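Enquirer: My structure is below; once you've seen it, I'll send some questions.
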Amino acid sequence: MDGLKYLAECAGVLPFLIVVGTGIVILLVDAFSPLGRKGHPAYLACVGTVLALAALFRPLPLENELFGGMIYADAFAVFFNAVFLLGTLLVVLLSVGVLSWERIERGEYYALLLFSTAGMMLMAQAANLVMLFLGLEIFSIAIYVLVGMPRHQRRANEASLKYFLLGAFASGFFVYGLTFLYGAVGSLSMSAMAAYLGTTQTLFNAYLLLGSALVLVGFSFKIALVPFHMWTPDVYEGAATPVTAYMAVGVKAAVFAALARVFWLALPTIRPHWIPVFWVLSALTMTVGNVMALTQQNVKRMLAYSSIAHAGTILMAVTAASDQGLTGMLVYLLAYTFMNLGAFGVVIYLQERYGVGEALEDLRGLGFQSPLLGAAMAVFLFSLAGIPPTAGFIAKFFVFAAAVRADLLWLVIIGVLNSVVAVYYYLRVVVVMYSRSAESGWHPAISESPAGSVAAAGALVLALWATLHLGIFPHAFWEWARQSVYVLL
Amino acid sequence: MDWIALVIVTGIKTLFLLLVFLTAVAYATLMERKVLGFMQLRLGPNRVGPWGLLQPVADGVKLLFKEDIALPVSEPKLYAVAPAVTAVAALSPFLAIPFADRIAPDVVTFLGSTVDLTRFSMNRGVVADIPGSVLFILAVSSLSTYGVVLGGWASDNRYSLLGAVRVTAQMISYELALGMAVIGVLMVAGSMRMTEIVEAQARLPFIVYQPLGFVLYMIAAFAETCRTPFDLIECENELVAGYHTEYSSMRFGLFQLAEYAHIITVSGVAVTLFWGGWQGPWLPSGLWFALKTFALVFFFIWVRATFPRVRFDQLMHFGWKVLLPLSLGNIILTGCFLMLWR
Amino acid sequence: MESISFPLLSAIIFSPLAGVLLLAFVDRENRDLQRWIALITTTVVFLLGLVLYGAFDEGTAGMQFVERHVWHQGLGIQYFLGVDGISLFLMLLTAFLGPICVLASWTDIQERLKEFLVSFLVLECGMLGVFAALDLFLFYIFWEVMLIPMAMLILVWGNPARRVYAAVKFFVYTMAGSVFMLVGILVVYFHQARTTGIYSFDLLQWYDLRLPFSLQLWLFLAFGLAFAIKVPMFPFHTWLPDAHTEAPTVGSVILAGVLLKMGTYGFLRFNLPLFPDATAYLVPLMVVLAIIGIIYGAFMCLVQKDLKRLIAYSSVSHLGFVMLGIFTLNVEGVQGGLIQMVNHGLSTGALFLLVGMLYERRHTRMIADFGGLAKPVPRLAAFFMVATLASIGLPGLNGFVGEFLILLGAFRVEAYWAVLGATGIVLGAWYMLSMFQRVMFGTVTHEENTGLSDLSRREVGLLVPVVLFIVWIGIGPTPFLQKMEPSVRATLERVSLPQGAGTHRQAALWPLSGPGTESAGGMSLTHPAGSK
Amino acid sequence: MTVYYVPALVYMGATIVLVSVILLLSSQLGRRRSTPEKMLPYECGVDPQGTMAVHYPIRFYVVAMIFIIFDIETVFLYPWAVVFRDLGWFGFVEMFLFAVILVIGLVYLYRKGALEWD
Amino acid sequence: MVPLNYYLVVSAILFSVGVLGVLVRRNAIVIFMSIELMLNAANLSFVAFSRFMENFDGQLFVFFVMVVAAAEVTVGLAIIVTLYRNWRSIFVDRIHLLKG
């Protein structure tokens, strides 16, 4: 009886279990394969991710809350899990070839990748703030390590230290905020908090505000909202490129999922107090991110600042505080996953094939040297800039639409001005790609890893297809996001 | 009223226990030298008092009068306080070990009012009947590592530092096994309170249920107390005297005191957890406890006379690759048995 | 006209993409085949455009050849195409310039030919789509789609020295305008949803909205910024000379011929009917800017040393005329503006083509490097003459019709507008003729110019149709005007609906109360003086 | 609950007093006669050379890290062990899985050579 | 019984000291210890709230926080050690390869 229920609940988190299990299997396979003949953990990781993706689309259990109110198994979680898993799949594919270039141990790399994905999944389906914290830490800790994996590179060391110290700092704020929420409500279960807030008005209100403020600070660090963004460019630049891509996409999605859950499910009555703060954060983040991105000479660094700016745009959707806003946020995150991974993917592909690609100058002439790659990069960049008919445009459109609808006209105008700034620096990359090359910057392939190239190319094709498909036929995705959002309302 | 009674009762118990404990520590040194001498076919101390019985007193007095060399170290405060930390941490755990059954009537009349001594276990043979006392003992006794590390590090001496680093590695490696070996007992007893664990052994001591647990515990305890065969931190031929190379006078004495106090403490814990504590027929409960503890201390000395010292890599391998998996296995095994036997 | 089941408009718009698809399969080395494919594709587009012209019913003001499919159910986004008398000619102009541009680039573009043709065809698709889209969302997508290939044309095939600067400037300027338009679109969209409950981007439905005045004003500015940059109106014109000068010939032709019309078309299609009160209120501002543009552009032309730059500034001037015509808000002015759009496309297009041909021969565009060209290249000089005169507005050529109508319309509103506008014509004659004289007449001052070869048959072949149209419109504009008239009248009726000007002018110019505020009356508190 | 800790504090206070007294006595009773040789670190009679900052092997750090993880796992084992009988099979299986994961971690460390000392 | 606020004040002081430590100190290990101090401040208020409300969830959460802190310690030490091996320093103001 008890056991059956337990099994059923395990089935409720099947994708999560698959991901964790695959991670463990990879660890063991890696540990037991002889030194000279390493297995192919990438294949395992792919299989695991695809299996988990497939398992996502099983019918949801009738009961939403599993494990005594610790885990939600709802459509919102499914959407985000899909985002994480797709992101992970792409990152795994992109990583195949480049790891040897970065001198990273393979088995651990993929295992950590999967563990951090599991953490993100946990975060998206946490029904209790402690679970949420656990998810946050699982993926954070895995990523601290991933960032530092090229351990012979000084800059990776530095990036890893910075990310670690600031990440742990953010965790401190987050946990301290949780204590006050707990003190105010007497529970950290989201449904209990919502129920309590629904009935009680004033008791411990200061605790609630303080708690949510600290929690917000913790989140802000993780998604690099200005003024909590200082670590981002350094860390993004220092980490191995696939890890950077993964951070930009996965962490952002996970934390935004948590943000939505906390401020919609757990603290619905507190949310209005925070809207002005979101407003300011969003405006600041967009502006600073975009302005700083203007002068960057390193593509990774530029994408780091652009990722800050995108976080600001997504926060605009949160500020809109409506079902359209949340839908827009979901679509944006999905689109961002594809287009950003695509852009990073091109850099990764270049690094793998030619050993260059980070500096803006490395891209000079790419559009002619390798027309398809150049075209793909251009599409991704235009998508990031929000130009139709790409996913980025649709996403930005939904977000702006929701903000206009919520009468955030000035915020939208700030956002619009920022889009123009953003266009400038994305375009700068395109300009460089389509300028005549000095011919000297291009070396022949330095690492021949056929499997790696094929995998990376596959990932790029997938990302390209998704970017365009989402841009031209957004309806299905929009509908999906809209239905996923309903559980929060 | 209760409060006054509690303080008074505790004061009496504390004085008594410290007296007995310090005497036991002092004579443990003598016992070690005597027993080792006996096993190595020599006499051991035999000049001070009959059969050398006053030797510990003489040692103490000598240490007191020795010069306390104030080295020009970079961290003089840490250097000075390290032995005290170790000594306090070694002496303290005993307060949670029940050394006898009831030692006072349930109710006494005191200054004209009736005091219920069963409250807060005042009538029991234990200083503090802390709930979760097993955890308390593990926690406090491992504090002594801090003293060792600080002393070794603050000495500004290479041997001391190496000794301290080694002792840390050794301590933490075996602390895991020690902690896990105890878990089997907790599962059987269903409690973390020493007094309750002892009472749960009224029928059979837990050694019957936990033979593997006891073996694991003893091995880990040898390592924790840095006794042969795991006394690498002070192996003279490598590290002079390890972490206390630079200590002299009573500061050195406190380290010594801590070592023997530690031996007696782990023996007392082993007795409480595995051998029924003060339980036993015919004799008074306190005597049973003392006898059992004495036997285990003897065992410690016996082992020192028997076994050679292991190498450091052997030590670490054994701790991580043998002891830790075994103690995990012990937990699972215990669980299986308990579930099936229920 | 729903009875025409063949999706003619879609066919026209997406034929270029079919060409792109074909090009994708052609071997990179097979250059002639690529050119032929592009030529045939654009010709097919033009032929389809002729079919469109033939089937167009000139008796009605409504949308014709309508195609309407649901694209995105929940958000009310449709795939909604249609043409009326306003967009018809712009589509035709676009389709007409297509093959001409391909021919013009036949020898000009040598490197990265395939990419060039692909960009061009995508651009054509975007331009055609902009004119036919009747769903604002769709419109915006086409609007942005054409941005990228145009920027690429400048960036990759432009003049090496400053093409990056020019391309980025072009891109950022246009983008800046269009994002504001996007916000404007969203505001209208949600205003409609709030007042009527309907989520829709359908332009025809939006026509029936009666937005509050303060909202109209801000929306007019938001849309207007996008269009004004595109036109380009003074003071948003600074990207134009750079873009024109640095672009390859084809880029300049397309830019001048079609892209600039997007702005004026946008004013006519969106700003006027959607925000009639604001239009009425802002007429003085727009007209002043238009007139400044006319005169400023003309004066700038007088001092240019670079032929292309000169023509670019003349575009500023000419488009100023178009704007003036549109904001006269009467049939003559608007029709004149409309026909002037086509005229400008033809004559300036021709001028750019000719300058391009000169550049191909001499690799310079400096006026000072030429002189006396009429002798070595008489045919080129002749065509140049026709184009110049058309640009000036000589009676009998197309420019005259447009400018005359515009001035007529302006005169009917305010006489001095017409006077100022006429100054522009005089100045135009001055700078154009002096340029022509300096380039073509006199003695050959530079040795290199003596040996120039005259126009080839291909070049003649591509110029002749342009000249034919120039003359045709100049002599017999009636069929064109007839087809335009119903639509123009319908548009103007919307502008002059009774509720219009005056009543709401006192309203505050503050948008934050935005879509939610239904009455402008509440806002008038901030400007109590205005209510008198 | 906390009252049980009062005796513990008394006892520990007494030990601290005791230790302090011993140290005080020794410092008062012992003679002090300082010589330069006494002040040097003891290295079996040889004068010490170079810096005292010794670099010891990275393995010590590795051991410390592994310890922290496993030590924290025992934190979960203790409460579980006490209420083990009340939890029934469910609790047992749960902790079994927990232990299995621990063992996997240990096996991984073993295979990766994190526990090797030579 | 000691009032709740006493605990909270102590925990707030601990937390502030931790934050200040992170912001002011330059030694990576000290920064790191300051962060641990922040986590422990959180633990303290968890336990205080838990006792005050006689709701044991809070004490349970402390376990999780401790586990997380331990995991962070592990990873953090590893990172700092690796860093030291390459940089020969653990002072964060001397570690600046990456810059705008």
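A short reminder: the numbers here are calculations on the coordinates, not readings from a lab. Note that the coordinates shown come from a computational prediction; the quantities given were computed from them, not determined experimentally. Note that each Cβ is placed from the backbone with ideal geometry, even for glycine, and that neighbours are counted across all protein chains shown.
Enquirer: Dipole size in debye (nearest 20) for chain B around its Cα centre, Lys and Arg Cβ +1, Asp and Glu Cβ -1?
Expert: The dipole magnitude comes to about 620 debye.
Enquirer: Summing +1 for each Lys or Arg and -1 for each Asp or Glu, what net charge is found among the other residues whose Cβ lies under 11 Å from the Cβ of A:S307? Walk me through the numbers before you get to the answer.
Expert: Working: positive: A:K252, A:K300, A:R301; negative: none.
Within the 11 Å Cβ shell, the charges total +3.
Enquirer: Another question about this same structure. Compute the helix-to-body angle for A:129-147: its Cα long axis versus the longest principal axis of chain A, expressed 0 to 90° and rounded to tens.
Expert: Between the helix axis and the principal axis of chain A, the angle is about 20 degrees.
Enquirer: Measuring from label point to label point, each 7 Å out along Cα→Cβ, what is the B:L291 to C:L433 span in nm?
Expert: Modelled inter-label distance: 13.7 nm.
Enquirer: Only Lys, Arg, Asp and Glu count, each charged at its Cβ (+1, +1, -1, -1), so figure out the dipole size of chain C about its Cα centre, rounded to 20 debye. The partial results should precede the final answer.
Expert: Details: 31 positive and 32 negative charges, 161 e Å.
Using only the charged Cβ atoms, the result is roughly 780 debye.
Enquirer: For n ≥ 4 DSSP H runs only, could you compute -39500 (n - 2.57) per run for chain B, divide by its residues and tell me the 222 nm figure to the nearest 500? Could the numbers behind the result be given before it?
Expert: Values: 12 runs with 216 residues, N = 342.
It lands at -21500 deg cm²/dmol.
Enquirer: With springs only between Cα atoms under 10 Å apart, run a GNM on chain B and tell me which of B:T293, B:T225, B:T14 wobbles the most.
Expert: B:T14
Enquirer: Would you please put C:163-170, A:87-94 in order of how densely packed they are, using the mean number of other Cβ atoms within 10 angstrom per residue and starting with the highest? Numbers along the way, then the final one.
Expert: Numbers: C:163-170: 22.4, A:87-94: 27.6.
So the peptides C:163-170, A:87-94, ranked by packing, come out A:87-94, C:163-170.
Enquirer: Follow-up question, since we're still on this one. When chain B is treated as a GNM, springs tying every alpha-carbon pair under 10 Å, which of B:T168, B:T195, B:T114 comes out with the largest mean-square fluctuation?
Expert: The residue with the greatest mean-square fluctuation here is B:T114.
Enquirer: So what's the net charge close to E:S16: Lys and Arg +1, Asp and Glu -1, counting the other residues with Cβ under 15 Å from its Cβ?
Expert: On the way: positive: E:R25; negative: E:E36.
Net charge around E:S16: 0.
Enquirer: Can I ask one more? Given the rule -39500 (n - 2.57) for each run of at least 4 DSSP H residues, summed and divided by the residues of chain C, what is its mean residue ellipticity at 222 nm, to the nearest 500 deg cm²/dmol?
Expert: Details: 21 runs with 358 residues, N = 532.
Helix contribution divided over all residues of chain C: -22500 deg cm²/dmol.
Enquirer: Then there is this: Add -39500 (n - 2.57) for each DSSP H run of 4 or more in chain A, then divide by its residues: what number comes out at 222 nm, to the nearest 500 deg cm²/dmol? Before the final figure, lay out the partial values.
Expert: Details: 21 runs with 365 residues, N = 489.
Taken over chain A, the calculation gives -25000 deg cm²/dmol.
Enquirer: Hey, got the average number of other protein chain Cβ atoms within 10 angstrom for residues in B:134-147?
Expert: Working: counts 3, 3, 3, 0, 2, 0, 2, 0, 1, 0, 0, 0, 0, 0.
Taking all residues of B:134-147 together, the mean is 1.
Enquirer: What is the order of D:F70, B:F298, fewest Cβ neighbours within 10 Å to most? Each step should come with its number before you reach the end.
Expert: Values: D:F70 23, B:F298 15.
Ascending number of Cβ neighbours within 10 Å: B:F298, D:F70.
Enquirer: Something else about it: Among D:Y108, D:I69, D:F96, which residue has its Cα positioned farthest towards the positive end of the charge dipole of segment D:54-118, with +1 placed on the Cβ of Lys and Arg, -1 on the Cβ of Asp and Glu, and the dipole taken about the Cα centre?
Expert: Most positive-ward Cα: D:Y108.
Enquirer: Then there is this: What does the charge dipole of chain E about its Cα centre add up to, to the nearest 20 debye, if the Cβ of each Lys and Arg holds +1 and the Cβ of each Asp and Glu holds -1? Don't jump to the answer; show the numbers that get you there.
Expert: On the way: 7 positive and 5 negative charges, 123 e Å.
With Lys and Arg at +1 and Asp and Glu at -1, about 600 debye.
Enquirer: Let me have the relative contact order for segment C:204-314, percent, based on Cα pairs under 8 Å that are six or more residues apart. Don't jump to the answer; show the numbers that get you there.
Expert: On the way: 92 pairs, mean separation 40.0, N = 111.
It rounds to 36 percent for segment C:204-314.
Enquirer: Determine the shielding of peptide A:400-408 by partner chains: average, over its residues, the number of Cβ atoms on other chains within 10 angstrom of each Cβ. Could the numbers behind the result be given before it?
Expert: On the way: counts 5, 8, 2, 2, 12, 8, 1, 8, 2.
Average per residue, whole number: 5.
Enquirer: When N counts the residues of the protein assembly as shown, how does its alpha-carbon radius of gyration compare numerically with 2.2 N^0.38 Å, as a ratio?
Expert: That ratio works out to 1.17.
Enquirer: Cut-off is 10 Å between beta-carbons; in what order do C:L22, C:L117 appear when sorted fewest neighbours first? Working shown, then result.
Expert: On the way: C:L22 16, C:L117 26.
Result, fewest neighbours first: C:L22, C:L117.
Enquirer: Taking neighbour Cβ counts within 10 Å as the exposure measure, how do B:K321, B:K77 sort from fewest upward?
Expert: B:K77, B:K321
Enquirer: Show me the ranking of peptides A:191-197, C:140-146 by mean Cβ neighbours inside 10 Å, starting with the highest.
Expert: Numbers: A:191-197: 17.9, C:140-146: 23.7.
Going from most to least packed, we get C:140-146, A:191-197.
Enquirer: Could you tell me which of A:A55, C:V287, B:F120 has its Cα farthest along the dipole of the protein assembly as shown towards the positive end, charges placed at Cβ (Lys, Arg +1; Asp, Glu -1), taken about the Cα centre?
Expert: B:F120
Enquirer: Output the peptides C:195-203, A:456-464 sorted from most to least packed, where packing is the average of other Cβ atoms within 10 Å over each peptide's residues. Intermediate values should be presented prior to the final figure.
Expert: Details: C:195-203: 16.3, A:456-464: 21.4.
Those peptides, ordered most packed to least, come out A:456-464, C:195-203.
Enquirer: Then there's this: Let me understand chain C better: what is its radius of gyration from the alpha carbons, and its Dmax, in angstrom?
Expert: 22.8, 75
Enquirer: Any aspartates and glutamates with Cα under 17 Å of the B:K62 Cα? List them, leaving off those in the same chain fewer than 8 positions away.
Expert: Straight-distance partners of B:K62: none at all.
Enquirer: State whether segment A:1-488 is rounded, prolate or oblate according to the following rule on the C-alpha gyration tensor (a ≥ b ≥ c being the square roots of its eigenvalues): a/c under 1.5 gives rounded; otherwise a/b larger than b/c gives prolate, and the remaining case gives oblate. Could you put the intermediate results ahead of the total?
Expert: On the way: a/c = 1.72, a/b = 1.27, b/c = 1.35.
Oblate.
Enquirer: Take every residue in peptide C:64-74, count the Cβ atoms of other chains within 10 Å of its Cβ, and give the average of those counts.
Expert: Details: counts 0, 0, 0, 0, 0, 0, 1, 4, 7, 3, 5.
Rounded to a whole number, the mean comes out at 2.
Enquirer: Same structure, new question: Which entries of A:K252/A:K300; C:K230/C:K305; C:K230/C:K261; B:K13/B:K292; C:K114/C:K308 show an alpha-carbon separation above 19 angstrom in the structure shown?
Expert: On the way: A:K252/A:K300 16 Å; C:K230/C:K305 25 Å; C:K230/C:K261 8 Å; B:K13/B:K292 21 Å; C:K114/C:K308 26 Å.
Those over the limit are C:K230/C:K305; B:K13/B:K292; C:K114/C:K308.
Enquirer: Let me ask something else about it. Cα to Cα, under 20 Å, and not fewer than 8 places away if on the same chain: which lysines meet these conditions relative to B:K321?
Expert: Within reach: D:K112.
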